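Asks: Quick one: the structure is below, questions incoming.
Bear in mind these aren't lab numbers, they're just calculated from the coordinates by the rules spelled out. The structure displayed is predicted, hence computed values, not measured ones. Here the Cβ is made from the backbone with ideal geometry for all residues, glycine too, and neighbour counts use every protein chain on show.
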Amino acid sequence: MKTYEHAGLPPAAPRSHPWSGATLDPQARYYDFASSPELIRSSLEDFKLLERYPAIEEFYALLERVNHPKSQLESNDCALSGPSVNQTRHVKAKLECTGRVMLLYRDLAQNTRHARLAWLRAAFHYQLAQLDPKFALGMIGTTLVPVRYLALPETAQLGEQLLLSFWAFGDTEPTTMLNLGRLFKNLTQATRAVSARIIQGD
């Protein structure tokens, strides 16, 4: 699968974990899916609008894998928009669907070590590169985002999270959503493999 390092927009200040409110929606809030996995299917407004497509169930399965009790990771934030007119010029398709999911180590102190986040980023690139090599209508970009971990001692709160941005493409809404589901399946497999490598002490 195609991946690349995505610069993204530089944040004005480090995000917080946990967080509350957002620039576009002051009512938005952080949900701890590791402690309350039942909220995955009830609290994600962006995704509920498209639940008629199997891709959304694939995303819920991804979040369940990330936040599983045996996982070494958890999620912080996610979003989805589209399908809408394709803005990615180098991909020949009429529509695109785009979004994000942010990941962190469940052991919060690990997220304050840049080397561990750099390893996590590289591990996702490696695992995704092994999957679905002929899949040309989906891609994932990685960004390390500064985060302040409020549960840690005040002098040791500054760290990072891994932002996975994703794009899926197609000429019709159904085919775009089909490709989005394919992307989520690949990302779920990669997440399982990365978590296993962390358990093994990689």
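Asks: In percent, what relative contact order does the chain have, based on Cα pairs under 8 Å that are 6 or more apart in sequence?
Replies: 29 percent
Asks: Quickly estimate the mean residue ellipticity at 222 nm for the chain, helices only: each DSSP H run with n ≥ 4 gives -39500 (n - 2.57), and the total goes over all residues, rounded to 500.
Replies: For the chain, the value works out to -9500 deg cm²/dmol.
Asks: I want to verify the translational diffusion coefficient of the chain in µm²/s; compute it with Stokes-Einstein, Rh as the Kirkwood radius over Cα pairs, at 20 °C and 1.002 mPa s.
Replies: The Stokes-Einstein estimate is 124 µm²/s.
Asks: Need one number: % antiparallel among DSSP beta bridges in the range 21-199, to the nearest 5.
Replies: Beta bridges within the range 21-199, antiparallel portion: roughly 100 percent.
Asks: Sticking with the crude label model, points 7 Å out along Cα→Cβ, report the distance from ARG197 to GLN130 in nm, one decimal please.
Replies: 0.8 nm
Asks: Please sort by residue number the trypsin sites (Lys or Arg not before Pro) in the range 116-186 whose DSSP state is loop and whose Cβ has at most 16 other Cβ atoms within 10 Å.
Replies: Sites meeting the loop and neighbour criteria: LYS134.
Asks: Expressed in whole Å with the largest first, what are the equivalent ellipsoid semi-axes of the range 91-164 derived from the C-alpha gyration tensor as the square root of 5 times each eigenvalue?
Replies: That gives 30, 14, 8 Å for the three semi-axes.
Asks: What's the extension gain from GLU57 to LYS94 if we count 0.36 nm per residue and subtract their Cα-Cα distance?
Replies: That pair, GLU57 and LYS94, stretches by 10.9 nm at full extension.
Asks: Net charge near VAL101, counting Lys/Arg +1 and Asp/Glu -1 over other residues with Cβ under 12 Å of its Cβ?
Replies: Local net charge: -1.
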